[in-house]
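Where a number appears in this text, it was derived from the coordinates with a stated rule and is not lab data. Note that the structure is a prediction, hence the values are computed from the model and not measured. In this analysis, Cβ positions are derived from the backbone assuming ideal geometry, glycine residues included, and neighbour counts consider all displayed protein chains.
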Amino acid sequence: MKKATRRAEDYPLRRRESVAAILADHRDVLLVAGLGPASWDCTAAGDRDLTFPLWGAMGGAAAMGLGLALAQPQRKVLVITGDGEMMMGIGSLATVATQQPANLTIVVLDNERFEETGGQLTPTAGFADIAKIAEGCGIERTSTVRTAGELKLMISGLYKKPGPALRVIKINTENPPMVLAPKDGNELRIRFRKALLGTA
Amino acid sequence: MASTRRARATTAPPDWADEIHRRLQQWNIRQVAVVPDTGQKRLISLCAADPTWRMVTLTTEEEGIALLAGAWLGGERGVLLLQSSGVGNCFNMLAMNLTCRFPLLMIVTMRGEWNEFNPWMMPLGKAMQAMLERMGVVCVRAERPEDAGPATDAAAKMAFEGPQAVALLLTQTLVSAKRFTP
């Protein structure tokens, strides 16, 4: 029987720094942030009108990014979400691959834990490999990033070739303080559309 | 006589699916999210043949709720085509629409009501509309073929001019009950 031996506690990459580095180099993205710690990381990097942080809708981040990417083919669309959220909507990777949106990148922050609910293990702590699942769904541009050097390369190449792309960042299990996004969903919807389209 | 038959065919009233498709075109729909149902076969093929529309076939219905919320953020309108059993997959995702007031137009073919042969379809057939309404989704029922066009307009207007979440329910009296013939 296979036995998982990795220890996410020891992974070198840190979630806040990784997300801040991505967003520092890609300031113009339309961003969907998956619920929980992934959205806190995005907010910690700076709240902005063109971020849609989710407070629920678990499993929906990638599909939401797809709808946005199809509607805005000239803009770079980024989904940043956690491994638990991605696993819940894992079928949506097949939906993304079918559409082949050139402008969509999904970044999965993978600490192999349901961090918000107490650090319970997710399937990626066992044998599930989200990059391989994405590849199997038909997303050609996939990778798993484990070191600072690999992260730097990933960030510089994020939109260099047409997507769709899925990047897994293996992050350690540290749990930095919450930095909550605005919570009023009506306001989040209106501010995003005003900033992007000039109309609510 | 063949000529008489042909003449009759060309003057026949349009199918309800054609009528829904025509009305949706007028509402400037761009993304069509689908988990197929036999009852919507013609409507789905009409949508797929429309070059200005993007067909997005889903692996599960709640993806469509999130997809169309993203489409709206990007300035596009969409519609979700599904069967009543698939509505059961949507409830958690629907909370986002209702909280954020994203418009949502669902076109649902009913199972588990009139003349249903499959008992597995009955529980959601009986409960679904009440569940949607309990959450705050507006339901519009079309019972006869001639209802389909006006009901589509009514549902689309409430969805996109609300904005709010609206389900257009096409009943089995309209669609006709599915049969598995041995």
Worksheet entry | Rh by Kirkwood over Cα pairs, then Stokes-Einstein D for segment A:35-119 at 1.306 mPa s and 10 °C, µm²/s | 120 µm²/s
Discussion item. Please compute the alpha carbon radius of gyration of segment A:72-175, then divide it by the globular-protein estimate 2.2 N^0.38 Å. Two decimals is fine.
Written reply: 1.04
Worksheet entry | Size of electric dipole in chain B: Cβ of Lys, Arg +1 and of Asp, Glu -1, about Cα centre, debye, nearest 20 | 420 debye
Worksheet item: Cα-Cα pairs above 17 Å in segment A:1-51: how many percent?
Response: 44 percent
Worksheet item: If all Cα-Cα distances of segment A:112-162 are sorted into 5 Å bins from 0 onward, what percent lands in each bin, rounded to whole numbers?
Response: 5, 17, 17, 21, 21, 14, 5, 1
Worksheet item: Over all directions, what mean area does the Cα convex hull of segment B:34-182 project, stated in square nanometres?
Response: 8.9 nm²
Discussion item. Test of the criteria: in segment A:135-200, which trypsin sites (Lys or Arg not before Pro) are in a DSSP loop and have at most 12 other Cβ atoms within 10 angstrom of their Cβ?
Written reply: A:LYS160, A:LYS183
Practice prompt. Provide a whole-number value for the mean count of partner chain Cβ atoms within 10 Å of the Cβ atoms in peptide B:97-104.
Written response: 4
Worksheet entry | Residues A:ASP184, A:ASP83 arranged by fewest to most Cβ contacts within 10 Å | A:ASP184, A:ASP83
Item to complete: Report the chymotrypsin sites (Phe, Trp or Tyr not before Pro) located in segment B:107-141 that are in a DSSP loop and have at most 10 other Cβ atoms inside 10 Å of their Cβ, or state none.
Response: B:PHE117
Worksheet item: Volume per residue, Å³, of the convex hull around the alpha-carbon atoms of chain A?
Response: 108 Å³
Practice prompt. For segment A:55-145, run through the GluC sites (Glu not before Pro) and keep only the ones in DSSP coil with at most 11 other Cβ atoms within 10 Å of their Cβ.
Written response: none
Worksheet item: Using 1/(1 + (r/R0)^6) with R0 = 56 angstrom and r between the beta carbons of A:ASP10 and B:GLU146, what's the FRET efficiency to the nearest 0.05?
Response: 0.25
Worksheet item: To the nearest 20 debye, what charge dipole does the protein assembly as shown have about its Cα centre, counting +1 at the Cβ of each Lys and Arg and -1 at the Cβ of each Asp and Glu?
Response: 720 debye
Practice prompt. Multiply the residue gap between A:ASP184 and A:THR117 by 0.36 nm, knock off their C-alpha separation, and tell me the result in nm, one decimal place.
Written response: 21.9 nm
Worksheet entry | Helix runs (DSSP H) in chain A reaching 24 Å along axis by Cα, Kyte-Doolittle at least -1.0 | none
Fill in: Descending principal axes extents, segment A:131-200, alpha-carbon based, whole Å
37, 33, 24
Worksheet item: Nearest 20 debye, what's the magnitude of the dipole of segment A:43-200 about its Cα centre given +1 on Lys and Arg Cβ and -1 on Asp and Glu Cβ?
Response: 680 debye
Worksheet item: Just counting partner chain Cβ atoms within 10 Å, what average do the residues of peptide A:189-197 show around their Cβ?
Response: 3
Worksheet item: Over chain B, what relative contact order in percent results from Cα pairs under 8 Å that are six or more residues apart?
Response: 22 percent
Item to complete: Rounded to whole Å and ordered largest first, report the semi-axes of the equivalent ellipsoid of the protein assembly as shown derived from its Cα gyration tensor (root of 5λ).
Response: 40, 21, 19
